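Here the structure is laid out as structure tokens; the discussion comes afterwards.
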């Protein structure tokens with residue numbers, strides 16, 4: 001539970017930022033998860049998605065306020081059109097009632113207009129027989145921990161896996177594996193590897209299974225209000241995201257970020 005002062009501050013900030021959106025389409029509010037999600041967003045207000053958004057507003061002459069929120073709250077604010085966009089969201093059919101993905105074929109988002117690709121891996125105790133062979137879980141006898149409200153939960157339930165989503169951060173989920181509260185964890189690979197790189201105790205105990213659980217595109221979702229009132233702007237935003245992602249300028253930013261420059 002957030003402290004009362006923080007909830008009040010967030011509510012006031014949302015109202016203040018959202019108010020000018022309806023009068024001026026050049027002033028937008030995008031929200032994102034308020035946790036470390038290496039390398040895309042960090043609580044230090046750095047990360048590749050944040051860098052891309054800064055280039056986006058420069059290139060299109062927009063002012064985009066970037067608002068960190070708990071991910072579930074971010075999607076709720078998008079659904080209510082209190083924010084104009086939310087990133088980064090993988091495709092889930094139930095999210096079609098919250099906002100719009102860049103339109104593609106057969107009701108699916110256009111993967112060429114993604115923000116980035118990201119994968120999920122299965123994490124287990126070293127020496128554990130728990131595994132994933134690309135189609136089935138092997139020697140699974142307990143629960144798999146995930147971060148609450150993440151899309152991998154749907155994938156696990158499709159495979160009849162008992163899911164524990166009692167945590168909001170990857171380090172807490174990995175600690176549940178180390179302590180034996182869950183048999184394994186299904187986490188975004190880059191986020192989990194960042195934790196293991198910085199936590200020697202967890203790294204001594206936990207490893208990733210060799211095969212990825214999933215790899216999929218992640219998108220900037222835009223609000224129903226923005227896409228209905230300014231469809232040309234929405235299309236321009238999605239296409240510019242894809243363009244920036246492949247530019248030499250952004251590749252230089254990626255290189256510098258990964259190399260700590």
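Taking residue 130 as meeting all but one of (1) touching a helix residue (DSSP H, G or I) at 6+ places or on another chain (Cβ under 8 Å); (2) at pLDDT 95 or above; (3) closer than 22 Å to residue 203 by Cα, write down the number of the exception.
Condition (1) is where residue 130 drops out.
Is region 233-245 home to any residue that is surrounded by fewer than 12 Cβ atoms within 10 Å (Cβ to Cβ) and part of a helix (DSSP H, G or I)? Outline the logic, then answer.
Filtering region 233-245 for residues surrounded by fewer than 12 Cβ atoms within 10 Å (Cβ to Cβ) gives none.
Scanning region 233-245 turns up no residue that is surrounded by fewer than 12 Cβ atoms within 10 Å (Cβ to Cβ) and part of a helix (DSSP H, G or I).
Show me the strands (runs of 3 or more DSSP E) found entirely inside region 60-141 where at least 2 residues are touching a residue at least 60 places away in the same chain (Cβ under 8 Å) and over 16 Å from the mean Cα position of the chain (by Cα).
Values: elements: 63-69, 85-89, 116-125.
Filter on region 60-141 gives 116-125.
What is the residue count in region 178-193 for residues that are buried (at least 17 other Cβ atoms within 10 Å of the Cβ) and part of a loop (DSSP other than H, G, I, E, B)?
2
Going through region 52-72 one residue at a time, which ones are touching a strand residue (DSSP E or B) at 6+ places or on another chain (Cβ under 8 Å) and under 12 Å from residue 34 (Cβ atoms)?
66, 67, 68, 69, 70, 71
How about region 194-210: which of its residues are surrounded by fewer than 17 Cβ atoms within 10 Å (Cβ to Cβ) and in a helix (DSSP H, G or I)?
If the condition is that a residue be surrounded by fewer than 17 Cβ atoms within 10 Å (Cβ to Cβ) and in a helix (DSSP H, G or I), then 197, 198, 200, 201, 203, 204 are the ones that fit.
State whether the residues of region 216-231 include one that is without any contact (Cβ under 8 Å) to a residue 24 or more places away in the chain and either surrounded by fewer than 16 Cβ atoms within 10 Å (Cβ to Cβ) or in contact with a helix residue (DSSP H, G or I) (Cβ under 7 Å, 6 or more places away or on another chain) (or both).
Within region 216-231 (the criterion being without any contact (Cβ under 8 Å) to a residue 24 or more places away in the chain and either surrounded by fewer than 16 Cβ atoms within 10 Å (Cβ to Cβ) or in contact with a helix residue (DSSP H, G or I) (Cβ under 7 Å, 6 or more places away or on another chain) (or both)), the answer is yes, since at least one residue qualifies.
Report yes if residue 175 is outside any loop (DSSP other than H, G, I, E, B), closer than 30 Å to residue 58 by Cα, touching a residue at least 12 places away in the same chain (Cβ under 8 Å) and not assigned by TED's automatic domain parsing to the domain that holds residue 37, otherwise no.
no
Can you pull out the residues in region 143-167 that are within 12 Å of residue 181 (Cβ to Cβ) and at pLDDT 95 or above?
The first filter runs over region 143-167 and keeps only residues within 12 Å of residue 181 (Cβ to Cβ), leaving 143-145, 164, 166-167.
Across region 143-167, the qualifying residues are 143, 144, 145, 164.
Any chance you could count how many residues in region 35-50 are under 16 Å from residue 192 (Cα atoms), without any contact (Cβ under 8 Å) to a residue 60 or more places away in the chain and not in a strand (DSSP E or B)?
Looking only at that region, the number is 2.
The values are calculated or read from the model by the stated rules, or taken from the named source; none is laboratory data. Everything numeric here is computed off the predicted structure, so don't read it as measured data. Cβ: placed from backbone, ideal geometry, glycine included. Neighbour counts: every protein chain shown.
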